[in-house]
Ligand code: AMP
Ligand code: DBH
């Protein structure tokens, strides 16, 4: 197995420790501590279950001992694909307690993505629910994954397990559990949105990740009295750590799981459980704002609403702020690290018009031009970031590492931002060719690659198009060859490729050729930009 590493140069690590950012805490350590301090306090609510910290810890220990009894060994990687169900927590903390490394897949991922994660991480096991909260059956997917990933020795299923290991049956000898891990070691692999090519694996350490949500708790006002609603998929970095369910559990607060983010599901939960804080992507925030006007549910407990994952325009921000009782808090973050928040006591213009400022005094932000020179204050440029919870490297991907980090260790976020006085950032756009579809990032290259596998596709270019509801949607330009494919059939065929549904192009436009320059050759980037411009011009003319 390729070793898991995330290392900062010694002088940086020493500085982050001296500043008190890295405190030597670990996931198994903090859960044990909360269970000892407040055993009877409610920790996780969802799926008809209400588990206290003591119960959560006991369930996590049983799972951990069970994983080891199966023959899994500390350091091995386990792909976890669980939706917003309470078992997410004993599964993930069970892995931590056993020294195993979760690899977080999203509920929408299918065989193409899972096989990639399993191969890149050299995974030994896969954990999923028999049925997702949307009814999707993960057992056939598990069978396909076993075929695709020969290294996968175990499949653990929550619910009706059929030939697999039932999560509920996991148990074993608590004495076999390893000692707590080194806080500087990698705790899990988060996944990148996949802005170029396939998703990359992001190794995060106990020290750095715990710092990010401990500091987020402070900024977002999370205390032991908070009630955090997980409305977005629990495995996503935003609802996990900004401040997220991990921040909530760290604080000894309550975590409530909503199986879907729709107002119909979430609003009754907010009313019943007196939810105080949650996070949404912009399209959902607008939907909630609209639904709240109906006034059928008591949302008065809601103190903070985080909105991020994609740009919230000032006008949308105002609507959300006006319609919901909560204080709006914009958050601009990434699974690679850097997270920015507007502060709860910031004046309205900052909250409505900016994406916030970094968490940490030790976050270093540079905004540069094409040549890597810093731009004047207030001018747009590429955002580079370095700091106590921003990674220095992806796992097992030399090409991406060469591309994504500067020689002095700054992460190239790919975002184009402007910095205002006080360090507040305004997201202007981005450098790369990806589509941010309601917070789900889609790599143009990855989708083009799938399209090119179709016998009647000669060439394809995928671009983002502004969309009133999604923020952006995807449009694939396709040059046919042989029999002309029809758009609905092509979409159905894409689904058959085993990719997440959100990656299936929203729109398919057949064209005879792509324009080329006099020189005869243009970059994919330039091509996508021209196709996009042409489509927009045409739509405006219509
Ligand atoms: P991911 O790679 O999936 O972790 O996505 C991180 C990216 O999402 C960032 O680099 C931004 O492009 C985008 N993003 C996250 N939050 C915001 C926001 N509040 N406004 C605009 N873009 C955002
Ligand atoms: O989009 C993201 O990845 C994101 C948004 C807000 C994120 O990772 C985060 C906050 O931590």
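Any read-out appearing in this document is the output of simple, stated calculations on the displayed coordinates, not a laboratory observation. Not measured: the values here are computed from a predicted model. All Cβ positions, glycine included, derive from the backbone under ideal geometry; neighbour counts span all protein chains shown.
Taking a ≥ b ≥ c as the square roots of the Cα gyration tensor eigenvalues, with a/c under 1.5 meaning rounded and otherwise prolate when a/b beats b/c, else oblate, which class fits segment 339-464? Because a/c hits 1.5 or more and a/b exceeds b/c, segment 339-464 counts as prolate. Relative contact order of segment 211-354: 21 percent, from C-alpha pairs under 8 Å at least 6 residues apart in sequence. Entry note: segment 377-445 has Rg to Rh equal to 0.99, where both radii use alpha-carbon atoms and Rh is the Kirkwood radius.
Rank-order 37-48, 328-339 by packing density, defined as the average count of other C-beta atoms within 10 Å over each peptide's residues, highest first. Please list the in-between numbers first.
Working: 37-48: 16.8, 328-339: 24.9.
Sorting 37-48, 328-339 by mean packing, highest first, produces 328-339, 37-48.
What percentage of all Cα-Cα pairs in segment 310-354 are separated by more than 13 Å? Roughly 53 percent, once rounded to a whole number. Beyond 32 Å, what percent of the Cα pairs of the chain remain? Taking all Cα-Cα pairs of the chain, the fraction more than 32 Å apart is 44 percent.
Show me the three semi-axes of the equivalent ellipsoid for segment 438-541, from the C-alpha gyration tensor (sqrt of 5 times each eigenvalue), largest first, rounded to whole Å. Don't skip to the end; give the middle numbers.
Numbers: eigenvalues 80, 69, 33 Å².
So the equivalent ellipsoid measures 20, 19, 13 Å along its semi-axes.
Dividing the convex hull volume of the alpha-carbon atoms in segment 212-341 by its residue count gives 86 Å³ per residue. Ranked by the mean number of other Cβ atoms within 10 Å per residue, highest first, peptides 233-246, 416-429, 123-136 order as 233-246, 123-136, 416-429.
Order these peptides, 361-369, 390-398, by their mean beta-carbon neighbour count within 10 angstrom, highest first. Could the numbers behind the result be given before it?
On the way: 361-369: 16.4, 390-398: 20.3.
Going from most to least packed, we get 390-398, 361-369.
Built from the Cα atoms of segment 1-110, the convex hull projects on average onto 9.3 nm², one quarter of its surface area. Across segment 438-541, Cα pairs under 8 Å and at least six residues apart give a relative contact order of 26 percent.
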